[in-house]
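Notes for the one structure printed next.
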Amino acid sequence: MKHIKLLAVAVMALCIGVSLNAKPKIRIIATGGTIAGVSTTSASSAYTAGQVGIQTLIDAVPQILQLADISGEQLVNIGSQDMNDEVWLKLAKRINVLLNEEGYDGVVITHGTDTMEETAYFLNLTVKSDKPVVLAGSMRPSNAISADGPANLYNAVAAAVSPACKGMGVLCCMNNQLLDAKTVIKTHTIDCDTFEGGPSGIIGYVYNGEAHMLQTPNNRHTVNSEFDVAKLDKLPRVGIVYGYANCSPLPMKAFVDANFDGIVLAGVGDGNFYKDVFDVAVGAQNSGIQIVRSSRCPTGPTCLNSEVDDAKYHFVAALDLNPQKARVLLMLALTKTHDWQEIQKYFMEY
């Protein structure tokens, strides 16, 4: 009997030791992009995105196996200019299953840079876990001289395994920096140092395989978000109209005629309309199409009831969101309500 007890204690100690030494379990979901792109030569700027599969990406960075128990899956393999609502919904649902049902400690998504900020913000509003979710991409294809993809992938895994990144919402990891999904913006067409965090700056950085956080997001996200896509198979249709001098009302009219659910104005200055476009926007709002005012300016808020009387016309001010992210929030808001005042509250909180 004594021997049996000693054996049981030894087995328990062994199990505890194995548990303590177990690496975090990380899933990498590949969607394509430049990080999976291939150029004609290593010095060529001409390349095709979404050519390399997930296992090839993992094999190219064997160092990540020291950080975590890594596995991968290929959701799609596209350039992010072709990202769409269907992939967003599949991605959000899959991440929720991985984190809440299959026991993964974090998720890394490889993604093209063109629409990375939009995907990150969509996931920030629809992922139902406080575990790290990190997007990584690259500005140079996989076979380019000094390709940036491998380092970005390594740093993204380092962030995904870090307790410091838990509860921080969805992050983008590019060029050693960690960026908040709400504020991250792509600012340059070709430079590796293209992503910035807007006026608030970066949220953290990765150095020597360790994530260091500098600030905490103050907007609602992930587990505190009320948006749920679990039962959705499509999203409301929302378009963006770009403002400029002598702006034609035809794009706004086209969205109205196509019975879109909402329209975001990338307005001039503080979200201002050209006079001909304004009249169409008022008619659209009166017909039940929600109008959101944002700005084509790269920084600064679109202020509520400032140069435009939003309360009079029932427009919604995008506040700190740029047009492409305002579109994401409006789509999700319209799954909950068509009350313009309630939608404005969402823009204040998210």
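The values are calculated or read from the model by the stated rules, or taken from the named source; none is laboratory data. As the structure is a computational prediction, the values presented were derived from the model and not from experiment. In this analysis, Cβ positions are derived from the backbone assuming ideal geometry, glycine residues included, and neighbour counts consider all displayed protein chains. Protein only, heavy atoms only, side chains kept; ligands, DNA and RNA dropped before computing areas. Shrake-Rupley method; radii C 1.70, N 1.55, O 1.52, S 1.80 Å.
Among the numbered conditions (1) more than 23 Å from S45 (Cβ to Cβ); (2) in contact with a strand residue (DSSP E or B) (Cβ under 7 Å, 6 or more places away or on another chain); (3) open to solvent by 70 Å² or more (accessible area, probe 1.4 Å), the only one that E196 does not meet is (1). Picking from residues in region 1-43 that are open to solvent by less than 30 Å² (accessible area, probe 1.4 Å) and part of a loop (DSSP other than H, G, I, E, B), the one that is modelled with the highest pLDDT is G33. Look at V292 and say whether it is over 21 Å from the mean Cα position of the chain (by Cα), surrounded by 13 or more Cβ atoms within 10 Å (Cβ to Cβ) and over 29 Å from N96 (Cα atoms). It is false that V292 is over 21 Å from the mean Cα position of the chain (by Cα), surrounded by 13 or more Cβ atoms within 10 Å (Cβ to Cβ) and over 29 Å from N96 (Cα atoms). Look through region 204-221, keep the residues that are under 30 Å from K336 (Cα atoms) and open to solvent by 90 Å² or more (accessible area, probe 1.4 Å), and return whichever of them is modelled with the lowest pLDDT. The residue in question is N218. Taking the criterion of being open to solvent by 10 Å² or more (accessible area, probe 1.4 Å), over 21 Å from L329 (Cβ atoms) and not aromatic (F, W, Y), the residues of region 270-284 that qualify are K275, D276, D279, V280, V282, G283. Restricting the first member to region 294-308 and to residues that are farther than 18 Å from R327 by Cβ and free of Cβ contacts under 8 Å to residues at least 60 places away in the same chain, and the second to residues that are of a type in the set (K, R) and open to solvent by less than 70 Å² (accessible area, probe 1.4 Å), the beta-carbon pairs closer than 8 Å and six or more apart or on different chains are V308/R293. For region 175-191, taking the residues that are of a type in the set (S, T, N, Q) and within 19 Å of P150 (Cα to Cα), the one that is surrounded by the most Cβ atoms within 10 Å (Cβ to Cβ) is identified as Q177.
For every residue, the table says whether it meets (1) within 30 Å of V157 (Cβ to Cβ); (2) open to solvent by less than 50 Å² (accessible area, probe 1.4 Å); (3) at pLDDT below 95; (4) not aromatic (F, W, Y).
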{"residue": "I202", "(1), (2), (3), (4)": "yes, yes, no, yes"}
{"residue": "V223", "(1), (2), (3), (4)": "yes, no, no, yes"}
{"residue": "D228", "(1), (2), (3), (4)": "yes, no, no, yes"}
{"residue": "N246", "(1), (2), (3), (4)": "no, no, no, yes"}
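Going by the conditions given, is A230 small (G, A, S), in contact (Cβ under 8 Å) with a residue 40 or more places away in the chain and either assigned to a loop (DSSP other than H, G, I, E, B) or out of contact with any Ser or Thr (no Cβ under 8 Å at 6 or more places or on another chain) (or both)? Considered against the rule, which asks whether it is small (G, A, S), in contact (Cβ under 8 Å) with a residue 40 or more places away in the chain and either assigned to a loop (DSSP other than H, G, I, E, B) or out of contact with any Ser or Thr (no Cβ under 8 Å at 6 or more places or on another chain) (or both), A230 comes out as yes. If the condition is being surrounded by 22 or more Cβ atoms within 10 Å (Cβ to Cβ) and more than 14 Å from L334 (Cβ to Cβ), then region 256-269 contributes L265, A266, G267.
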